[in-house]
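All remarks here apply to the structure that follows.
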């Protein structure tokens, strides 16, 4: 059977920085067109285009709240709201690995236990924290590199990366997620791809594009190639919760008739791996409605 699988849909839908930023702001309460333009440095043309695409992808639904003149709001669907673990993982990774944010990022507060939280990826079966070394990964019934090539095009923001960002923007993560080919390269690296020729052959990516993405990921400390092959650094390996939550979201909302694209096995407990985010203070599985932003005053 042919057709793009869940990995390809994940890379295509989530491999766009504006889509993720719009979802983030919608989770924080934005709904009307003016809410998004006030919170994001986005042009009207780009915002209009993204909202149209996100409506077609059933991430948001358009609701008219005024007839004359016609005004509408964009409300997250169940599929869109289900992206909260991806955004929470992104948030946590940026706070730990990107200290150069100009104004810093607020902490996430877990209402259930009252503590600030750094989400931890755990196995749902045994509830133990899980790293990439404890996972065995193989293609599932719908899995293959040809079927995993992203199909949606992306357009990066034209503003330069100055090393500073407005609160809530994720410049380092967007190096990975904000470009479909960079996202695809990181996914390939997690499953063992390390040579330029192998990346090129497996992903069907133009050589010039691949060279640019590898250079960017190396410059940002996500990959290292001092000895020849491109290997994930500690910072790069820490992206695992982002990838797992994104993959699980795609498998849930874009299932293939013949089965999953990727099969994960947790070596430690012997069960099929289904990840969840847990609170690092109380160890309880997190729920999106239990998290809130908290700004702490400098000590």
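The values are calculated or read from the model by the stated rules, or taken from the named source; none is laboratory data. Keep in mind the model is a prediction, meaning the values are calculated, not measured. Quick reminder, even Gly has a Cβ in these numbers, built from the backbone with ideal geometry, and neighbours come from all protein chains shown.
Here are some notes:
- Top-ranked residue of segment 256-285 - restricted to ones that are surrounded by 15 or more Cβ atoms within 10 Å (Cβ to Cβ) and in contact with a helix residue (DSSP H, G or I) (Cβ under 7 Å, 6 or more places away or on another chain), ranked as nearest to residue 112 (Cα to Cα): 277
- Every pair of residues 6+ apart whose Cβ atoms lie under 9 Å, when the first sits in segment 3-31 and is on the phi > 0 side of the Ramachandran plot while the second is at pLDDT 90 or above and crowded, with 24+ Cβ neighbours inside 10 Å: 3/142
- No other residue among 61, 55 is without any contact (Cβ under 8 Å) to a residue 60 or more places away in the chain and part of a helix (DSSP H, G or I) apart from 55.
- In segment 57-77, the qualifying residues are those that are closer than 20 Å to residue 248 by Cβ and surrounded by 13 or more Cβ atoms within 10 Å (Cβ to Cβ), and the one that is modelled with the lowest pLDDT is 57.
- Scanning segment 78-95 turns up at least one residue that is over 25 Å from residue 232 (Cβ atoms) and loosely packed, with under 15 Cβ neighbours inside 10 Å.
- Of the helices (runs of 4 or more DSSP H) lying entirely inside segment 164-266, those containing at least 3 residues that are in contact (Cβ under 8 Å) with a residue 12 or more places away in the chain and out of contact with any strand residue (DSSP E or B) (no Cβ under 8 Å at 6 or more places or on another chain) span 171-176, 180-190, 196-203, 207-219, 240-253.
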